[in-house]
Number of protein chains: 2
Amino acid sequence: MNSEIKMIARLAAMARHPAAHGLTDDTAHLDGKILTHDTIAEGVHYRTDDPPESVGWKLAAVNLSDLAAKGAQPVGALLSLTMAPPTEGMADGEWEDRFLTGLDAACETYGMPLIGGDTIALPAGAPRVLGLTAIGEAAENVPTRDGGLPGDELWVVGTLGDSMAGLAQLAKDAQAAGALVDIYRRPVPQLAAGKAIAPHAHAMMDVSDGLLLDATRLAMASLCRANIDLACLPLSAAFTKVRGKGRKARLFAATGGDDYALLAALPPGKARKLSKSLPPGTIFSRVGTLADGEGLALVHDGHHVPLPEHLGHEHRPASPAPDSA
Amino acid sequence: MNSEIKMIARLAAMARHPAAHGLTDDTAHLDGKILTHDTIAEGVHYRTDDPPESVGWKLAAVNLSDLAAKGAQPVGALLSLTMAPPTEGMADGEWEDRFLTGLDAACETYGMPLIGGDTIALPAGAPRVLGLTAIGEAAENVPTRDGGLPGDELWVVGTLGDSMAGLAQLAKDAQAAGALVDIYRRPVPQLAAGKAIAPHAHAMMDVSDGLLLDATRLAMASLCRANIDLACLPLSAAFTKVRGKGRKARLFAATGGDDYALLAALPPGKARKLSKSLPPGTIFSRVGTLADGEGLALVHDGHHVPLPEHLGHEHRPASPAPDSA
């Protein structure tokens, strides 16, 4: 949407304060606090038939993932809750009640207390729009997107593609269940790993719109080229069982988005030592490097791979990409 | 809406952190910062035909008014902007561009830099939902709603009823213009007055939903009764010219809401000295007292006045109250 790109450019021009960092990051950094706000809309960022608990969990998780990418410790959240007329098949207020149950669970799990917000009523027929402002205590080193250097290694925390593969299953069958659907519904923000990596990262961000798109953003901000090796993508067993390990599956995982993973640019050799300080079981994978140049270069098994038409999603879609058969 | 009241009660139960103050205030107080979030929706909080610049200005002003009630100095804001398909008669993106012009003007005027946020696209036909999180530097004394004492005087900063009178004019004639329409479209948050009063106030809040409703809330939180004298309401010349000075006009002004005024509980005699430190031209009016007891008592010219059915609006409406002829 062209007007949206123009609008984001105008917002960046308005945000001249140093705390805004030109809106090139997902968060603001003000007086030792990291602040982020994410808004999700029914039918855009989640399916109308998604369980409300899952929507509440994800609204918290998407903000927590932004804090994780800064190595920040959550300290509070403000909720913007819109009340809509009863959802089909639910009692009045049931959707919102279950939504709050999911939100509360995520806030409890990650120690982010709800400290304020606003509740408003929407007209009949309006899609719900839900927002959360998350506040974190800034770490001593707050990595941005633009500190990557040629020669840095690109590392990913977490696996890629699970959530979009789960969403594709739901698009085919609303009753689908299993590990991939679970990850789509209840993603895990990488807070502890983010905290461990932040002091050492030249650059870090969360992978929310697809690795290829987000790596390109990090590389552009850092005035480098990103080299990504598709053979190195972290794929879960649940993912490869359903979609295989071929190039098509890898491109799906690298462009789908909705991953709640972290992407870090680390000095060569740093990750080996660092990996010992990550929570047990953390999946931590070297997926490429930064180099002199610009843009993105893709290889697979030693062969150059042409870039796909879409590197990722500007917004997390509520329906899978057309090629997600 | 019953389910909404239940939901707010549930949110208050979730917000156990001291920074939340049980959600009894409009703001959170965290580590020396005051945080507030207000969300407005098309057709609920503003008219679809309101100039977009006015909507942007008001979204900033409604949050600034919450900061003013705490005596806080604005230090930053995060915007949640939804992009909708082109509004009738406007080019693609024009509504949002003009909205940002109004928001930027208010942010510039009151020194609140935009430091972050989120921009999302909405499906066709969805009403716009716009949110702002405002952050302020906390004053040494941060007044809450619950500190009022029997014997305190109740003082109002600003005039009452102008905005709703302007809205009533627009409801009759969308081309209406004049001082009241101007106040509806470009309200002034009382930041400087709030800062001057905060060190001395036992309790303070902004009057946004109608004086009678907000005074009742302050009195309830302070375990007192509020006595309000309708004869003392601050009414502007523009207001009395259009609606007169009679009891009906006074009740309209005291219950309409959308006022961006402040209500403070002050120790007796404090206001006289305090008024010298207010910005020149500030309208500062003693409208009543707090007393032992509970609820609200209304007098006018020495006579007891029965309470109106509606003391105010739970949400700022986009159409005037039915009695606003």
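Details
- Elements of type strands (runs of 3 or more DSSP E) contained in segment B:215-293, each with 1 or more residues being within 26 Å of B:VAL44 (Cα to Cα) and at pLDDT 95 or above: B:261-266
- When the test is whether a residue is out of contact with any strand residue (DSSP E or B) (no Cβ under 6 Å at 6 or more places or on another chain), within 11 Å of chain A (Cβ to nearest Cβ) and farther than 27 Å from B:VAL157 by Cα, B:LEU100 passes it.
- Subset of segment B:103-135 [at the interface with chain A (Cβ under 9 Å from one of its Cβ atoms) and small (Gly, Ala, Ser)]: B:GLY116, B:GLY117, B:ALA121, B:GLY125, B:ALA126, B:GLY131
- As a summary of the residue check, A:PRO123 satisfies the conditions (1) outside the structural domain of A:LEU262 (by TED's automatic domain parsing); (2) modelled with pLDDT of 95 or more; (3) surrounded by fewer than 24 Cβ atoms within 10 Å (Cβ to Cβ) except for the one numbered (2).
- Scanning segment A:51-64 for residues that are touching an Asp or Glu at 6+ places or on another chain (Cβ under 9 Å) and of a type outside the set (A, V, I, L, M) yields A:PRO52, A:GLY56, A:LYS58, A:ASN63.
- Segment A:143-162 residues that are more than 27 Å from A:ALA249 (Cβ to Cβ) and touching a residue at least 24 places away in the same chain (Cβ under 8 Å), paired with ones that are charged (D, E, K, R) and in a loop (DSSP other than H, G, I, E, B) (beta carbon under 7 Å, 6 or more apart): A:PRO143/A:LYS70; A:THR144/A:ASP25; A:ARG145/A:ASP25; A:PRO150/A:ASP292
- Hits in segment B:98-115 - residues which are in contact (Cβ under 8 Å) with a residue 12 or more places away in the chain and among the charged types (D, E, K, R): B:ARG98, B:ASP104
- Meets criteria (closer than 22 Å to B:GLY148 by Cβ and either free of Cβ contacts under 8 Å to residues at least 24 places away in the same chain or surrounded by fewer than 23 Cβ atoms within 10 Å (Cβ to Cβ) (or both)) for B:THR36: no
- The combined condition, being assigned to a helix (DSSP H, G or I), of a type outside the set (Phe, Trp, Tyr) and either modelled with pLDDT of 95 or more or farther than 26 Å from A:PRO143 by Cα (or both), is fulfilled by A:LEU59.
- Residue match in segment B:172-193 (condition: closer than 18 Å to B:ALA265 by Cβ and assigned by TED's automatic domain parsing to the domain that holds B:LEU262): yes
- Residues in segment B:6-25 that are closer than 21 Å to B:ASP206 by Cβ and modelled with pLDDT under 85 were compared, and the one that is nearest to the chain's Cα centre (by Cα) is B:ASP25.
- Considering segment A:62-95, and only residues there that are within 11 Å of chain B (Cβ to nearest Cβ) and acidic (Asp, Glu), the residue that is surrounded by the most Cβ atoms within 10 Å (Cβ to Cβ) turns out to be A:ASP66.
- Residue within segment A:13-32 that is outside any loop (DSSP other than H, G, I, E, B), more than 10 Å from chain B (Cβ to nearest Cβ) and closer than 16 Å to B:LEU79 by Cα present: yes
- Taking the conditions (1) surrounded by 19 or more Cβ atoms within 10 Å (Cβ to Cβ); (2) in contact with a helix residue (DSSP H, G or I) (Cβ under 7 Å, 6 or more places away or on another chain) in turn, B:ARG98 satisfies each one other than (1).
- All positions within segment B:49-80 that are among the hydroxyl-bearing types (Ser, Thr, Tyr) and in contact with a Ser or Thr (Cβ under 8 Å, 6 or more places away or on another chain): B:SER65, B:SER80
- Qualifying residue in segment A:1-10 (condition: within 11 Å of chain B (Cβ to nearest Cβ), more than 29 Å from B:ASP104 (Cα to Cα) and touching a Leu at 6+ places or on another chain (Cβ under 8 Å)): no
The values are calculated or read from the model by the stated rules, or taken from the named source; none is laboratory data. Source: prediction; values computed, not measured. Ideal geometry is used to build each Cβ from the backbone, glycine not excepted, and the neighbour counts take in all protein chains shown.
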